[in-house]
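A quick write-up on the structure given underneath.
Where a number appears in this text, it was derived from the coordinates with a stated rule and is not lab data. Just so it is clear, the structure is predicted and the values come from calculations on it, not from any experiment. Cβ atoms come from the backbone with ideal geometry, glycine included; neighbour counts cover every protein chain shown.
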Amino acid sequence: MIACVRLCLLALSVVLIAPIAPALALPAPMSEQELMDKSDIVAVIRVVSVSLTAITKDDKTGQELPAYLAKVRLLEVKKGDAQKGDEILVTWRAIPKDVLGPWTVYYYPGEVVLTHLTKKSGGASYGSTWWNAKGDDIKAPESTELPETPGETFNAPKDPSDQHPL
């Protein structure tokens, strides 16, 4: 009898939760072709610096969420109007800690990685095309620490390619 009641409660909970589950699920990653098609720039980049531009309170959770701006150098351009050696700005904002999924793509000083970017509506900076827009590190950063105070900037360690002969 008790087993029957438990089974009924389990079935009822599945029926009640099932319609909610898709809303909580992480959307599917974009395919390589979708990322390429929807991106303005596809490039291997080196993150030169990352600055914390602002901390704003999330309307729903009340959490203080940082917004970042990275200066990146294009090492190899696979798509887009930019050229090798150009520097562009990439922006992103953290998401509340209790939100499901890796929605935000972070960039770290010194990191070298293939990424897919779209131009922001203002036209001055770029953002990640989708949550899987950043590939595996070609060169991992020495640290994944990011600035914590607005206006603070973390610079990448010097790279031999940054040095110019006299």
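Got a sec? Charge dipole of the stretch 33-138, +1 on Cβ for Lys and Arg, -1 for Asp and Glu; which of His116, Ala67, Ile45 is way out at the positive end? Of the listed residues, the answer is Ala67. Convex hull of alpha carbon positions in the stretch 32-158: directionally averaged projected area 8.1 nm². For the listed peptides 31-38, 69-76, a ranking on the average number of other beta carbons within 10 Å per residue, highest first, reads 69-76, 31-38.
Put in order of Cβ neighbour count within 10 Å, fewest first, the listed residues Thr149, Thr129, Thr61 become Thr149, Thr61, Thr129. Near Ser49, the amide H atoms lying under 5 Å from its own belong to Lys71, Ala156; only residues 5 or more places off or on other chains count, and H is placed 1.01 Å from N. Amide H contacts under 5 Å for Leu65: Thr56, Lys57, Asp58, restricted to partners 5 or more places along the chain or on a different chain, H placed in the peptide plane at 1.01 Å from N.
Here the simple spin-label model places points 7 Å from the Cα toward Cβ, and for Glu145 and Lys57 these points are separated by 2.9 nm. Rounded to the nearest Hz, the phi-derived 3J(HN,Hα) couplings of the stretch 58-68 under the Karplus curve 6.51 cos²θ - 1.76 cosθ + 1.60 (θ = phi - 60°) are 5, 4, 7, 9, x, 6, 7, 10, x, 10, 10, where x marks glycine and proline.
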